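Read the figures in this text as sums done on the coordinates, not as results from a lab. Fair warning: this is a prediction, and the values are worked out from it, not measured in the lab. With ideal geometry, Cβ positions are generated from the backbone for all residues, glycine too; neighbour counts draw on all protein chains shown.
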Amino acid sequence: MNNKAHPPFPMHPVRGLDPHDTFCPRCGKPDGHKTFGVVMKTSLTDGHKVYASKGYEQQVEENLAKQGKLALIGTLTWQEVVPGAPIPAPHMCQDCVIVVRQMEQDIENGGVFFACKQCGMQGIIKADTHYAKEVRKQHDLPAPAPVKVVFNTCADHVNVFQPKKEAQDEDPAEEYGFRVL
């Protein structure tokens, strides 16, 4: 076997192959796969977790730098993942792939992506809603240009689905407490 083409698993001195179940990084559903070898993890400065096989941490850092994420690296401290702890798969499950493709299509059709700072909720406001039309109109962003709205509080995104107030001179951005990124 050519070790350059297929490097050996980073074996643990006690646990051997040290298998870990994997799950979809989007929905958290177990995907039925396993990783083998000692797994290390670290956090970027924006809070995202990064995983690597032991001995490959430097390669992962170099790849992050190539992706333009050098500012997020800071000083990384790698730690071994708890034995047997599940880890995110490097890909989404098929159900999530379908959902994400539909969301992309909804945005291309004039929908608006939204996120809430308070609760972390994310989703799409459908193109045929008054709110999506107003956001695109006020910011001169016709479809298929992507649009993202960030709500500061949960009350702000709950208000999106209430009937429109009659004030004609109000900016929807101020009325609903969002900002377009």
Scan region 44-92 for residues that are touching a strand residue (DSSP E or B) at 6+ places or on another chain (Cβ under 8 Å), of a type in the set (Val, Ile, Thr) and under 23 Å from His33 (Cα atoms) and report the count. 4
Restricting attention to region 17-67, and to residues there that are aromatic (Phe, Trp, Tyr) and assigned to a strand (DSSP E or B), which single residue is farthest from Glu80 (Cα to Cα)? Phe23
Every residue from region 38-55 that is buried (at least 16 other Cβ atoms within 10 Å of the Cβ) and within 14 Å of Pro90 (Cβ to Cβ): Val39, Lys41, Val50, Tyr51, Ala52, Ser53
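Residues of region 147-160 being more than 18 Å from Arg26 (Cβ to Cβ) and either within 18 Å of the chain's Cα centre (by Cα) or free of Cβ contacts under 8 Å to residues at least 24 places away in the same chain (or both), which ones? Give the steps one after another, and end with the answer.
Narrowing region 147-160 to residues more than 18 Å from Arg26 (Cβ to Cβ): 147, 149-160.
If the condition is that a residue be more than 18 Å from Arg26 (Cβ to Cβ) and either within 18 Å of the chain's Cα centre (by Cα) or free of Cβ contacts under 8 Å to residues at least 24 places away in the same chain (or both), then Val147, Val149, Val150, Phe151, Ala155, Val158, Asn159 are the ones that fit.
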Checking Gly120 against (1) in contact (Cβ under 8 Å) with a residue 12 or more places away in the chain; (2) under 21 Å from the mean Cα position of the chain (by Cα), which single condition isn't satisfied? (1)
For region 75-98, what are the residues that are loosely packed, with under 15 Cβ neighbours inside 10 Å and outside any loop (DSSP other than H, G, I, E, B)? Gln79, Glu80, Gln94, Asp95, Val97, Ile98
Which of the residues that make up region 51-66 are in contact (Cβ under 8 Å) with a residue 24 or more places away in the chain and under 21 Å from the mean Cα position of the chain (by Cα)? Tyr51, Ala52
Residues of region 14-34 that turn out to be surrounded by 15 or more Cβ atoms within 10 Å (Cβ to Cβ), among the hydrophobic types (A, V, I, L, M, F, W, C) and within 14 Å of the chain's Cα centre (by Cα), as a count: 1
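Can you name the residue in region 111-143 that is in contact with a Lys or Arg (Cβ under 9 Å, 6 or more places away or on another chain) and more than 21 Å from Asp156 (Cα to Cα) and, of all such residues, is surrounded by the most Cβ atoms within 10 Å (Cβ to Cβ)? Talk me through it step by step, then tell me what you get.
Pass one, region 111-143, residues in contact with a Lys or Arg (Cβ under 9 Å, 6 or more places away or on another chain): 111-115, 127, 130-132, 134, 142-143.
Now drop any that are not more than 21 Å from Asp156 (Cα to Cα), which leaves 142-143.
Numbers: Pro142: 10, Ala143: 16.
Once the filter is applied, the top-ranked residue is Ala143.
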Can you run down the residue pairs with Cβ atoms below 9 Å, 6 or more apart or on separate chains, where the first is in region 82-107 and on the phi > 0 side of the Ramachandran plot and the partner is among the acidic types (Asp, Glu) and surrounded by 13 or more Cβ atoms within 10 Å (Cβ to Cβ)? Gly84/Asp18; Gly84/Asp21
